[in-house]
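Visitor: Before we start, here is the structure in question, set down as structure tokens.
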Amino acid sequence: MRSRTVFNAMMAGVGLAGLMLMAPMTGAAAQEGKVGGTLKLLANAAAGTIDPHINYTLQYFQINYVLYDGLVTFRKTGDKTGFEVVADLAESLPKPEDGGKKYVFKLRKGIKFADGSDLTTADVVASFQRMFKISGPTTGTLYNGIVGADKCLKTPATCTLEGGVGADEAASTVTFNLVAPDPDFLQKISIPHAAILPAEAPLKDSGTVPIPGTGPYMIASYDPNSLLKMVRNPHFKEWSKEAQPAGYPDEIDYGFGLSDEAAVTAVENGQADWMFDPPPADRLAELGTKYAKQVSVHPLTAMWYAPMNTNLAPFNDIRVRQAVNYAIDRAAIVKLFGGSNLAQPSCQILPPDFPSYAPYCPFTASPGEKWSAPDLEKAKALVAASGTAGQEVTIITEDTEVSKSIGVYLQDVLNGLGYKTSVKPISQNIQFTYIQNTNNKVQISISQWFQDYPAPSDFLQVLFSCASFTPGSDASVNISGFCDKSIDQKMVEAQTATIADPAKGAQLWTGVDKAVTDAAPVAVLFTPKRVDLISPRLKNFVFSPQFYWIMSQSWVE
Amino acid sequence: MDNSSGGQALVRSRRGAEGPWRTAWRKLRADHAAIMAFGVLVLITAASLAAPLYARHVALTDPFATNLNGEIVMDGQTRQVLEPSTEGLGLGFTPLGPTWDFGPYMLGADNQGRDVAARLLYGGRNSLLIAGAAALICLGLATVLGVVSGFFGGLVDTLLSRILDVLWAFPIFLLAISLSIVLITQSINIGPIEIRSGSLWLPIFIIGIVYVPYVARPIRGHVLSLMQAEFVTAAIGIGASPWRILLYDILPNVITRVIVFVPLILALNMMTESSLSFLSIGVQPPDASWGTIIQDGQGLLYSRPIVALAPGLAIVICVLALNILGDGVRDALDPKSSIRVA
């Protein structure tokens, strides 16, 4: 057993930071852009724990992709091939065996963690066990198909995944056995929740203590109130440019605490290179004209939506949920996000240009493929039929400008339907976990969902299956608590069909999308576009549909 | 000796002598700054009370309803209340700016398309109402506690003083924020009384409580000094009952000091209410107060600074006027006092 602890890893990292700054870069990156310098990123607030097996935010997914690796990953390119899965720590993509229930990965040789220890098959097995032992947020939804996962979900502390994940150290292979064929398995293990960590990683949320990874960068320090500092991983050598290319900057500083307004000014002035949060609405016109060259707009496979608690009044009545969907003026909400060049009204769960997407909008004045206008009369009739008018409703929003504005608008809509509505903004840091926990009795909230992997199951199964609802847990992404056994069965059928006949599978997923949309556990508001504001000195801004900005591939002048 | 002329002079002098209230009123009237401040406050209060009239007949809008798709005709041209950017990349919307006409959107729109001027007046109503009601609660409670504590002394004094000490030990805003976070999102049931979440009574209650020690302690001290005064000793000497002493000798002397506190506590309450509302834990949307309007304007500081500046200016003017008035009242009623809260 290796004598490696997280503390040692940190110390090793800190001690080597100076050397790393001077170390020449290896790989293709050194041949193209400018190597060196410090990339300065800004965010309104930190996104909580930096444990890659736990953090479930876009903000930290984006950095975890340059800190950690999985057996496989998505291709790091700036076009649609960015949705393709490629081998990462594995030598090659395995072919499914045993009818799609078995995958054998052969590990690459010579890869080291940031603390200098070698990557072994034991680390892979331990990492998958750890995901369950620490009750990772997606273990019940993405990884519950691994043999032994059911036991691990019941008693996480004793999880072994026996029969599910096994290693052959001599052959340097790791074998995964699934309960049933899963067409999305490789995509599911491509996200940071399946990152391979040292076997000695703590069996609890590491919080602010970094865990060594295998990516081109490592975390040197993390203070959620001020700064997350990433420096070069001294042991990184590029093994696959398409999976994990070497980075250009020597250091990446992620600062927290500036307001959105201040962050925009800082990036405009070149005091920072990029900001995570969307620019505030009152700066968009300025950015689109005066700083247009520093702005990059990309469509996202994502949605802004209002989850409604299907187990709490008044939203435990489908008529109320449908009424909310009918009453919302999505064109008006799009204005709050910055207008039609930055968002498109939507009624359905799957976003445009996503696998199995077929335009569908039942909640509009003229039901059909697209949303046209709200239907207030129908909404009021549904509320009247439900007999719930007059009840108190609280909307939980993030304390960001856009989220609060949408909350106030929604309050107006609900008041118009006869409810006594209040809005409660909560810090962006904790709102996502707060609204997931049933103990907080959240009735309705404003949230966003960005794809983890490009398959319909990531929206439909992850957000709306019975398995993804865990009462009393902060990691229950089925925020609505929606559980419909018949729709669950349709999901299983779609998943099974995809393996044998992808076209038929896609068609079934389209049906699931419509079924969930009709049941209205949420009110989908719009499909957003991403506005990236970059500094004049930042070059080679590569936007991947999967990772968004691939920060390691930009350089500063 | 003939004392009749001297006796008549004494009677005349007594008849013509001013009472303490009349003297105070004369002094206050002579203080032009205080009178001007009072006038400003009356003006702001009257304007705020007229908010519904302004919204209905001038702004022609519901200041609590979002108006994202609203339009307005200006100079014969129809303009959207939220104007889309048409240049460059065509990103974003900018709320209508001030028209400076006595009509709709005189001070422009906020990011929900609502009339800022109408909300400012409604906000003034709530800010003044909360400040006033909280001041009544604060001064009422503080007077009772201070007088009881100072008058009865002993165990009662010890107990009440320690409670006030504990309350005083908390930083005011930390205490107010803590109470707000706990109370503002849920209804409170006290017997038959139910205070619903979002009710204005919550900030009134919270603000009214947190400043009690600041008033009660000086009042207690004043009562203690009054208890040593000759006229109280004389009253005790002639066998007056404790209640008679309390009602006829102590309270009349305490009340002037309480009145001195009124404008100062009002100013403090107004600032506290604005701060809490700015932090989303005071007045709850869609209701408005000057604090919530500043918060609304925070996201428009760059393109429409008037949204935040207007309520900010209103708070500054009110607090300044209250402080000037407070100084005048103190000089008139209690010139020896050194009370300065704000």
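Visitor: Of the numbered conditions (1) closer than 20 Å to residue A:57 by Cα; (2) within 13 Å of chain B (Cβ to nearest Cβ), residue A:435 satisfies every one except a single condition; which is it?
Guide: Failing condition for residue A:435: (2).
Visitor: With the structure loaded, tell me whether residue A:290 is free of Cβ contacts under 8 Å to residues at least 40 places away in the same chain and within 14 Å of chain B (Cβ to nearest Cβ) or whether it fails that test.
Guide: When the stated conditions are applied, residue A:290 passes them.
Visitor: Can you pull out every residue in the range A:238-261 that is among the small types (Gly, Ala, Ser), closer than 30 Å to residue A:73 by Cα and part of a loop (DSSP other than H, G, I, E, B)?
Guide: A:240, A:243, A:246, A:247
Visitor: Continuing with the same structure: Does the range A:303-342 hold any residues that are away from every other protein chain (no Cβ under 11 Å) and assigned to a loop (DSSP other than H, G, I, E, B), and which are they?
Guide: A:309, A:310, A:311, A:312, A:313, A:314, A:315, A:316, A:317, A:328
Visitor: From the list A:429, A:415, exactly one residue is within 11 Å of chain B (Cβ to nearest Cβ) and open to solvent by 30 Å² or more (accessible area, probe 1.4 Å). Which is it?
Guide: It is A:415.
Visitor: Please determine whether any residue of the range A:502-525 is within 14 Å of chain B (Cβ to nearest Cβ), at pLDDT 95 or above and open to solvent by less than 10 Å² (accessible area, probe 1.4 Å).
Guide: Looking through the range A:502-525, at least one residue is within 14 Å of chain B (Cβ to nearest Cβ), at pLDDT 95 or above and open to solvent by less than 10 Å² (accessible area, probe 1.4 Å).
Visitor: Do the conditions hold for residue B:156, that is, is it open to solvent by 20 Å² or more (accessible area, probe 1.4 Å) and in a helix (DSSP H, G or I)?
Guide: Against the criterion (open to solvent by 20 Å² or more (accessible area, probe 1.4 Å) and in a helix (DSSP H, G or I)), residue B:156 qualifies.
Visitor: Another question, then. Considering only the range A:35-49, state which residues are assigned to a strand (DSSP E or B) and either open to solvent by less than 20 Å² (accessible area, probe 1.4 Å) or modelled with pLDDT under 95 (or both).
Guide: A:39, A:41, A:43
Visitor: Now for a different question. Restricting attention to the range A:262-278, does a residue exist that is open to solvent by 30 Å² or more (accessible area, probe 1.4 Å), more than 10 Å from chain B (Cβ to nearest Cβ), part of a helix (DSSP H, G or I) and without any contact (Cβ under 8 Å) to a residue 60 or more places away in the chain?
Guide: yes
Visitor: Please verify whether the range A:344-365 includes one or more residues that are out of contact with any Lys or Arg (no Cβ under 6 Å at 6 or more places or on another chain), within 13 Å of chain B (Cβ to nearest Cβ) and touching a residue at least 40 places away in the same chain (Cβ under 8 Å).
Guide: No, the range A:344-365 contains no residue that is out of contact with any Lys or Arg (no Cβ under 6 Å at 6 or more places or on another chain), within 13 Å of chain B (Cβ to nearest Cβ) and touching a residue at least 40 places away in the same chain (Cβ under 8 Å).
Visitor: Filter the range B:247-286 down to residues that are within 14 Å of chain A (Cβ to nearest Cβ) and polar (S, T, N, Q) and give me whichever is least open to solvent (accessible area, probe 1.4 Å).
Guide: In this case the residue turns out to be B:277.
Visitor: Does residue A:179 qualify as being open to solvent by 50 Å² or more (accessible area, probe 1.4 Å), β-branched (Val, Ile, Thr) and under 26 Å from the mean Cα position of the chain (by Cα)?
Guide: yes
The values are calculated or read from the model by the stated rules, or taken from the named source; none is laboratory data. As the structure is a prediction and not an experimental result, all values here were calculated from the model. Ideal geometry is used to build each Cβ from the backbone, glycine not excepted, and the neighbour counts take in all protein chains shown. These area figures cover heavy atoms from the full protein model, side chains too; ligands, DNA and RNA do not enter into them. Shrake-Rupley method; radii C 1.70, N 1.55, O 1.52, S 1.80 Å.
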